[in-house]
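Colleague: Quick one: this structure, given as structure tokens, is what I'll be asking you about.
The values are calculated or read from the model by the stated rules, or taken from the named source; none is laboratory data. What you see is a predicted model; the values in this text were computed from it and never measured. Quick reminder, even Gly has a Cβ in these numbers, built from the backbone with ideal geometry, and neighbours come from all protein chains shown. Ligands, DNA and RNA are stripped out before the accessible areas are found, and what is left, the full protein with its side chains, is counted by its heavy atoms. Shrake-Rupley method; radii C 1.70, N 1.55, O 1.52, S 1.80 Å.
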Amino acid sequence: METFNDFLSAMLPYTEWAMLILLIGGGLFLVFKSRFLPYRYFGHAIAITAGKHDKEEAKGDVSHLQALSAAVAATVGLGNISGVAIAIYMGGPGVVFWIWITAIIGMCIKFYSCSLSIMFRGEDSEGKLQGGPMFYIIQGIGQKAKPLASFFCIAGLFGFLGVFTANQFTQTFMNVVRPDENLIILGDFNWKLIVGIILALITSFVIFGGLKKIAKVASTLVPFMVLLYFLAVLVVMMTNTSEIGPSLKLIFTEAFNLDTMVKGGLWGLIILGVRRAMFSNEAGLGSAPMYHGQTKTDEPVQEGLVAMLGPFIDTIVVCTLTAIVIILSGAYLEAESNGILMTLIAFKKTLFGFGDVLLMVIVSAFALSTLFTYSYYGVKCLSFLTNAKIGKYYNWYFVGTIVFAAVASVDLVINLIDLAYALMVIPNMLAVLYLSPKVNQQMKIYFEKRKHVGT
């Protein structure tokens, strides 16, 4: 595992700059090219999600709300709880500012990529309607771009594993339950192995049920787990109101810390923010278009607007709440608290001593919904590279890696996901930027229509 981790660490720097240029540079290009129109129709996006503009005769398998819930289920999870903690551990409170900036730009990237997922839908080998980067790369750019689509799918076979979630859930269990002390002495490795096997078994029951079952479970779990998390954070804030202002101030002052700039660490801080934001909301990654491409709609712009809400809910709202709790509790100052451990300390300190137990309940729901939804993305990648029949075998590989992740180190898991994500961003963002004029044409037609009928 150490050798594998060293290899991943060595590879990461080669991909970071390409990712930064494409996500931030490419994203800003899309923001200005769209003339900020998607942001101005934020209220309309909420109305579409609520089903006010649904059409029965439209093609697709799931509703706008189910697609958004499933996509958000894959992102609102441990990326928000422990991903933010890892970012603060590595870069200090200032990194949160760069996570916000990336998320705001990411909203526009999601608008374009998920609009394209409806514009260029394809069919798999079984004749089922599909969407996602591989389809808009081939249908939008042409067969000559097939290597780009295949490259995306190969990286996706690793990027769409549930390894981070399984790893962080196991760490939570070990820290909260302390099974060797409170249950039976089996040793750390054996307990982690048992947790991994149980997680793998629970996940198998859901993922072998297919998309509709995944969408149903996710749309039930997501609102519940987000509400419970909000309530927990609200209690923390109400009991520490005097610390909220200073915590927010610290985020802004540390983002432009002169010491950081002088030491040449500002770009490192920005890259870290971009990496953790992309890990949190997946904007530019190309995963959400696979779900949104299944939506029952014939209006690409509508689905783009719905998808745009994902980074807002996931990063601007949920990540900010996590960051404030971590900062106001002082948990980020404890040297050894990386990943979920930092957030557990923060909740235990601020929620009357049992916050870590409550967080474990929330983490369980987050972890399961993420594991249920992520396998779907990997199946689509393998189906594209082979065929729909072989694609289903990805689920077995996915379930097996849950056990591996439970016993792996947090560093290995983060490096594996960061590298795979950076490699997926390259073909996806190249395609989104190349095809953006086609979205602009659709957007012009759609928003002209909205002016006449009202939003």
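Colleague: Using the heavy atoms of the protein chains and a 1.4 angstrom probe, tell me the accessible area per residue for the chain in square angstrom.
Modeller: 40
Colleague: Which net charge results when you count Lys and Arg as +1 and Asp and Glu as -1 among the other residues whose beta-carbon is under 13 Å from that of Trp98?
Modeller: Combined, the nearby Lys, Arg, Asp and Glu give +1.
Colleague: Let me ask something else. Using each residue's phi in the stretch 241-248, evaluate 6.51 cos²θ - 1.76 cosθ + 1.60 at θ = phi - 60° and report the 3J(HN,Hα) Karplus result to the nearest Hz, with x for Gly and Pro.
Modeller: My calculation for the stretch 241-248 gives 4, 5, 8, 5, x, x, 5, 5 Hz in order.
Colleague: Beyond 37 Å, what share of the Cα-Cα pairs of the chain remains, rounded to the nearest whole percent?
Modeller: In whole percent, the share of Cα-Cα pairs in the chain beyond 37 Å is 21.
Colleague: Angle between the Cα long axis of helix 320-329 and the longest principal axis of the chain, 0 to 90 degrees, nearest 10?
Modeller: Approximately 10 degrees, to the nearest ten.
Colleague: Let me ask something else. Once both axes come from the Cα atoms, what is the angle between helix 2-20 and the longest principal axis of the chain, in degrees from 0 to 90, rounded to 10?
Modeller: 50
Colleague: Go through 431-443, 232-244 and give me the packing order, highest mean Cβ count within 10 Å leading.
Modeller: In decreasing order of mean packing, 431-443, 232-244 become 431-443, 232-244.
Colleague: OK, next. Give a residue-ordered list of calculated ³J(HN,Hα) values for the stretch 376-393 (Karplus: 6.51 cos²θ - 1.76 cosθ + 1.60, θ = phi - 60°; whole Hz; x for Gly, Pro).
Modeller: 4, 5, x, 4, 5, 5, 5, 4, 5, 6, 10, 7, 4, 5, 5, x, 5, 6
Colleague: For Gln130, list long-range residues whose amide hydrogen, built 1.01 Å from N in the peptide plane, is under 5 Å from its own amide hydrogen.
Modeller: Gly122, Glu123, Asp124
Colleague: To the nearest Å, what is the center-to-center distance of the stretch 395-455 and the stretch 1-53, using C-alpha atoms only?
Modeller: Cα centres, the stretch 395-455 to the stretch 1-53: 7 Å.
Colleague: Filter the cross-link list Lys348/Lys392; Lys110/Lys451; Lys392/Lys449; Lys128/Lys451; Lys110/Lys192; Lys392/Lys444 down to pairs whose alpha-carbon distance in this structure exceeds 30 Å.
Modeller: Lys348/Lys392; Lys392/Lys449; Lys128/Lys451; Lys110/Lys192; Lys392/Lys444
Colleague: Follow-up question, since we're still on this one. Quick check: the distance between the Cα centres of the stretch 101-146 and the stretch 285-303, to the nearest angstrom?
Modeller: Each part reduced to its Cα centre gives a spacing of 8 Å.
Colleague: Using unit Cβ charges (K, R positive; D, E negative) and no other charged atoms, how large, in debye to the nearest 20, is the dipole of the chain about its Cα centre?
Modeller: For this selection, approximately 1480 debye.
Colleague: Sum -39500 (n - 2.57) across every DSSP H segment of at least 4 residues in the chain, then divide by the residue count to get the 222 nm mean residue ellipticity, nearest 500.
Modeller: -24000 deg cm²/dmol
Colleague: Would you mind calculating the relative contact order of the chain from Cα pairs under 8 angstrom and at least 6 residues apart, reporting the percent as a whole number?
Modeller: The normalised contact order for the chain reaches 38 percent.
Colleague: Please list 31-41, 298-308, 182-192, 198-208 highest first by mean number of surrounding beta-carbon atoms within 10 Å per residue.
Modeller: 298-308, 198-208, 31-41, 182-192
Colleague: Using Cα centres only, tell me the gap between the stretch 311-361 and the stretch 149-188 in whole Å.
Modeller: Between the Cα centres of the stretch 311-361 and the stretch 149-188 lies a distance of 19 Å.
Colleague: Given the peptides 315-321, 387-393, arrange them by the average over their residues of other C-beta atoms within 10 Å, most packed first.
Modeller: 315-321, 387-393
Colleague: Right, something else. Roughly what percent of Cα-Cα pairs across the stretch 329-455 reach past 19 Å?
Modeller: I get 71 percent for the Cα pairs in the stretch 329-455 exceeding 19 Å.
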